[in-house]
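K.L.:
Have a look at this one before I ask anything.
The values are calculated or read from the model by the stated rules, or taken from the named source; none is laboratory data. Bear in mind that the values here come from a model prediction, so they are computed numbers and not experimental data. We place every Cβ from the backbone using ideal geometry, glycine too, and count neighbours over all the protein chains shown. Just the protein is used for accessible areas: all its heavy atoms, side chains included, with ligands, DNA and RNA removed. Shrake-Rupley method; radii C 1.70, N 1.55, O 1.52, S 1.80 Å.
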Amino acid sequence: LTIFIQSLDYQLWKFITNGLEIPTKLVHGQRILKMNNEFNDHDYKLLQLNGKAKHVIYGALSPSEFNRVSSLDSGKEILVHDYELFTMLENENICSMYARFNDIINALKGLGKVYTNHELVSKILR
């Protein structure tokens, strides 16, 4: 998934690795959320990148995986959540499950999230 997203748009990949940046403004020294009518071109670009990231990731998920993550706000949250709730799917063989697991792990490595071998083995055995 990492290479696929980078091949589509490397800026999109960097956006996923950095996480969602919500449009804010500085008022009396405090950051507050901008209203929709206050968004500028940069804000719209960030929101569009987030939508694009979610779309690409959703397209790579099975319907049951999609249902588990569709309420999350950013691409990064989706990948971490997908790892945390990883289970073998009904009618899935070991090779397919392991390939799907590796896709998630590799994408998370690209985000700077690295798990020990012990954590990975424990996740598979559960």
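K.L.:
Out of the residues in the range 69-83 that are farther than 13 Å from Ile16 by Cβ and not in a helix (DSSP H, G or I), state the one that is least open to solvent (accessible area, probe 1.4 Å).
P.N.:
Going through the qualifying residues, I end up with Ser70.
K.L.:
Looking at (1) polar (S, T, N, Q); (2) surrounded by 12 or more Cβ atoms within 10 Å (Cβ to Cβ); (3) within 12 Å of the chain's Cα centre (by Cα), find the lone condition where Thr87 falls short.
P.N.:
Only one criterion is unmet by Thr87, namely (3).
K.L.:
Quick one: Tyr98 ticks every box in (1) over 28 Å from Thr24 (Cβ atoms); (2) loosely packed, with under 15 Cβ neighbours inside 10 Å; (3) without any contact (Cβ under 8 Å) to a residue 12 or more places away in the chain bar one, so which box is it?
P.N.:
(3)
K.L.:
Just to verify a result, which residue in the range 51-101, among those that are at pLDDT 85 or above and of a type in the set (S, T, N, Q), is nearest to Ile124 (Cα to Cα)?
P.N.:
Looking at residues that are at pLDDT 85 or above and of a type in the set (S, T, N, Q), I get Thr87.
K.L.:
Determine whether the range 23-45 contains at least one residue that is at negative phi, at pLDDT below 90 and within 15 Å of the chain's Cα centre (by Cα).
P.N.:
Within the range 23-45, none of the residues are at negative phi, at pLDDT below 90 and within 15 Å of the chain's Cα centre (by Cα).
K.L.:
Then there is this: Name the residue that is nearest to the chain's Cα centre (by Cα), counting only residues in the range 101-115 that are surrounded by 14 or more Cβ atoms within 10 Å (Cβ to Cβ) and not in a helix (DSSP H, G or I).
P.N.:
Once the filter is applied, the top-ranked residue is Leu111.
K.L.:
Same structure again: Does at least one position in the range 46-68 carry a residue that is outside any loop (DSSP other than H, G, I, E, B), surrounded by fewer than 11 Cβ atoms within 10 Å (Cβ to Cβ), aliphatic (A, V, I, L, M) and in the same structural domain as Leu8 (by the TED database)?
P.N.:
no
K.L.:
When you scan the range 116-123, do you find a residue that is in contact (Cβ under 8 Å) with a residue 24 or more places away in the chain, loosely packed, with under 15 Cβ neighbours inside 10 Å, outside the structural domain of Phe15 (by the TED database) and not basic (Lys, Arg), even just one?
P.N.:
No, the range 116-123 contains no residue that is in contact (Cβ under 8 Å) with a residue 24 or more places away in the chain, loosely packed, with under 15 Cβ neighbours inside 10 Å, outside the structural domain of Phe15 (by the TED database) and not basic (Lys, Arg).
K.L.:
Exactly one condition in (1) touching a residue at least 24 places away in the same chain (Cβ under 8 Å); (2) within 30 Å of Leu125 (Cα to Cα); (3) open to solvent by less than 60 Å² (accessible area, probe 1.4 Å) is not met by Leu12; state its number.
P.N.:
Here Leu12 clears every test but (2).
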